[in-house]
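Derivation of every value follows stated rules applied to the coordinates shown; laboratory data play no part. All figures in this text were calculated on a predicted structure; none of them were measured in a lab. Glycine gets a Cβ as well: all are built from the backbone with ideal geometry, and neighbour counts include every protein chain shown.
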Amino acid sequence: MSEVIAQLSVSLDGYLAGPESGREHPLGIGGERLHDWVFGLRSWRAGHDLEGGTTGPVDDLMAEWIERPGAVVMGHGMFITGETPWGDSPPFHTPVYVVTHHPRESVPKAGGTTYHFVTEGPEHALSLAREAAGDRDVSLAGGADLVQQFIRAGLLDELWLHIAPVFLGGGRRLFDHLGAVGAGGEKPVAWRKTQVLDSPEATHIRLRPV
């Protein structure tokens, strides 16, 4: 069965996006700094029809990420903030299943991306994404609330964290509501590291739940 993987950049103080994230500031104020590490990589630039770029272990990591997903699941908030900057040729190149309470017709875009809007909940969106992905993996794109739901439900197989050396001081935290023992006595999810890469721009950690 395909795996569910999430690849996310976070600040040193744990934020996935800066303050006031929304249509005007898709990554929140200052949040674009979380992704500075990726813009110069050859694999990322090739995916955006740009030439050149650096190679090496971090670029290899990104190239693996680009190849793995055959479908994407994301939350409604992420779609709303990202739809305009992603434009008419979004970077996904696969079906994207948006978990939402607002039904609407599917929206096809150039380059193989089609947005499908799923009102039956995250697990149903995942089921549709697995079917579409076939033997490839499913990317859990975010945002923070949806990632937390997948972690609590035991649906996330691998988490790739890119920790940028910045403080945002506010915004959307990735790991809220995951550290306390639940009312039914559930223990917090434990993780094991499978890979760590360090660079001046970010520390890259691959994790699997134990």
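Per-residue packing, averaged as other Cβ atoms within 10 Å, sorts the ranges 22-30, 10-18 into the order 10-18, 22-30, beginning with the highest.
Think of the chain as having a plus end and a minus end, set by charges on the Cβ of Lys, Arg, Asp and Glu; of 63, 44, 202, 202 sits farthest toward the positive end of this dipole. Given labels modelled 7 Å from the Cα in the Cβ direction, how far is it in nm from residue 88 to residue 167? Simple spin-label model gives 4.4 nm for this pair. Determine which residues of region 143-181 fall in the zone a paramagnetic label at residue 208 would reach in this model, i.e. backbone nitrogen under 11 Å from the point 7 Å along Cα→Cβ. Taking a point 7 Å out along Cα→Cβ of residue 208, the residues of region 143-181 whose backbone N falls under 11 Å are 157-159.
Here region 66-83 and region 152-174 have alpha carbon centers that stand 15 Å from each other.
Give me 172, 45, 104 sorted ascending by neighbouring Cβ count inside 10 Å, so fewest comes first. Working shown, then result.
Values: 172 22, 45 17, 104 11.
With the sparsest Cβ surroundings first, the list reads 104, 45, 172.
A cut-off under 14 angstrom between Cβ atoms defines the neighbours of residue 101, and their net charge, with Lys, Arg +1 and Asp, Glu -1, is -1. Here the calculated FRET efficiency for residue 155 and residue 51, from their Cβ-Cβ distance with R0 = 25 Å, stands at 0.05, rounded to the nearest 0.05. Counting helices only, and only those DSSP H runs with n ≥ 4, report the 222 nm mean residue ellipticity of the chain as the sum of -39,500 (n - 2.57) divided by its residues, in deg cm²/dmol to the nearest 500. Helix-only estimate at 222 nm: -7000 deg cm²/dmol. Remark: 210, 4 ranked as 210, 4, counting other beta-carbon atoms within 10 Å and listing the fewest first. Relative to the Cα centre, the charge distribution of the chain, modelled as +1 at Lys and Arg Cβ and -1 at Asp and Glu Cβ, gives a dipole magnitude of about 380 debye. Each of 149, 27, 171 was scored by the projection of its Cα onto the charge dipole of the chain, and the greatest displacement toward the positive side belongs to 149; charges sit on the C-beta of Lys, Arg, Asp and Glu.
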